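S.K.: Below you will find the structure I want to go over with you.
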Amino acid sequence: MGVVTVDFDGTLYQGNSFKVMFQTANKSFGWKQWIVVGTGIVKAAAAGLVKGKNAFRMQFFKAFAKSFKGMTQAELDDFFGELVVKAKQEAHHGLIHKIREHERQGDHIIVLSGALNPFLKAFTKELELDVHIISTEIEIDRNGICTGNIGSIINGDEKVNHVREWMDRQQQIGILSQAEGEETWAYADSESDVPLFQFVKYPIVVNPDDDMKKIALNEGWVLFG
């Protein structure tokens, strides 16, 4: 038994979370929410040009989180449930089969992503996957209302830091043994996941583009799908 991490965008979910969020928002958002999102997307595009893909991602999710301000948990659940209706068609069924193999072996499985936490929760619930989730959180106040803020984006080195913290906590409370903590897998697709691939014992590259495939071949990492 061990610890298995699974990336979301481009890996477990082969679609684009940005695109499906737009599609769902187009159906349910009012003009005030679109002003918030539109302003945020302009900032995201500018940040992406200057600072790269991760900066774009952060600004994009911040924009959507602001548009959720004032929503109840039930309203958020409805929005992200609608996302899953569209997104589940692009689930990676070969990888889902592999995850179920890990489940049968008793492995601890973490869906690990910079995508928004409610999306991952709804998606994995729909697929009936028994997983832990580490992802970008939307802030909810003590009254169950969205504040419009998000936590840190779980990407790159942050993935490794959060997995280490999670493993430490599980070992401290006796859920994860030291031996299990030494048997680690990562299923992911992109160059931003290289720190995670270097951290685990069994790096498995899923659906890589040409650049990522070259890196995987040079490193001797397993290619999947």
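S.K.: Checking residue 152 against (1) in contact with a Gly (Cβ under 8 Å, 6 or more places away or on another chain); (2) surrounded by fewer than 14 Cβ atoms within 10 Å (Cβ to Cβ), which test does it fail?
M.R.: That leaves (1) as the condition not met.
S.K.: Next up: Let me spell it out: the conditions are (1) among the aliphatic types (A, V, I, L, M); (2) surrounded by 19 or more Cβ atoms within 10 Å (Cβ to Cβ); (3) modelled with pLDDT under 80, and residue 41 meets all of them except one. Which number is the exception?
M.R.: Unmet condition: (2).
Each row is one residue, and each column tells you yes or no for (1) over 20 Å from residue 153 (Cβ atoms); (2) in contact with a strand residue (DSSP E or B) (Cβ under 9 Å, 6 or more places away or on another chain); (3) surrounded by fewer than 15 Cβ atoms within 10 Å (Cβ to Cβ).
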residue	(1), (2), (3)
173	yes, no, yes
177	yes, no, yes
216	yes, yes, no
219	yes, yes, yes
224	yes, yes, no
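S.K.: Looking at residue 205, is it under 19 Å from the mean Cα position of the chain (by Cα), free of Cβ contacts under 8 Å to residues at least 60 places away in the same chain and not in a helix (DSSP H, G or I)?
M.R.: Working: under 19 Å from the mean Cα position of the chain (by Cα): yes; free of Cβ contacts under 8 Å to residues at least 60 places away in the same chain: yes; not in a helix (DSSP H, G or I): yes.
Answer is yes for this residue.
S.K.: Moving on. Run down 128, 103 and say which single residue is farther than 19 Å from residue 10 by Cα and out of contact with any strand residue (DSSP E or B) (no Cβ under 7 Å at 6 or more places or on another chain). Talk me through it step by step, then tell me what you get.
M.R.: Details: 103 fails: out of contact with any strand residue (DSSP E or B) (no Cβ under 7 Å at 6 or more places or on another chain).
Only one candidate passes the filter, namely 128.
S.K.: Okay, next question. Within region 150-187, track down each residue that is part of a helix (DSSP H, G or I) and among the acidic types (Asp, Glu). Steps first, please.
M.R.: Step one: of region 150-187, the residues part of a helix (DSSP H, G or I) are 157-172, 178-181.
157, 158, 165, 168, 180, listed by residue number.
S.K.: For residues that are free of Cβ contacts under 8 Å to residues at least 60 places away in the same chain and within 20 Å of residue 151 (Cα to Cα), tally how many sit in region 76-97.
M.R.: Here the count works out to 3.
The values are calculated or read from the model by the stated rules, or taken from the named source; none is laboratory data. Just so it is clear, the model here is predicted, and its values are computed rather than measured. For neighbour counting, all protein chains shown are included, and Cβ atoms are generated from backbone atoms with ideal geometry for every residue, glycine included.
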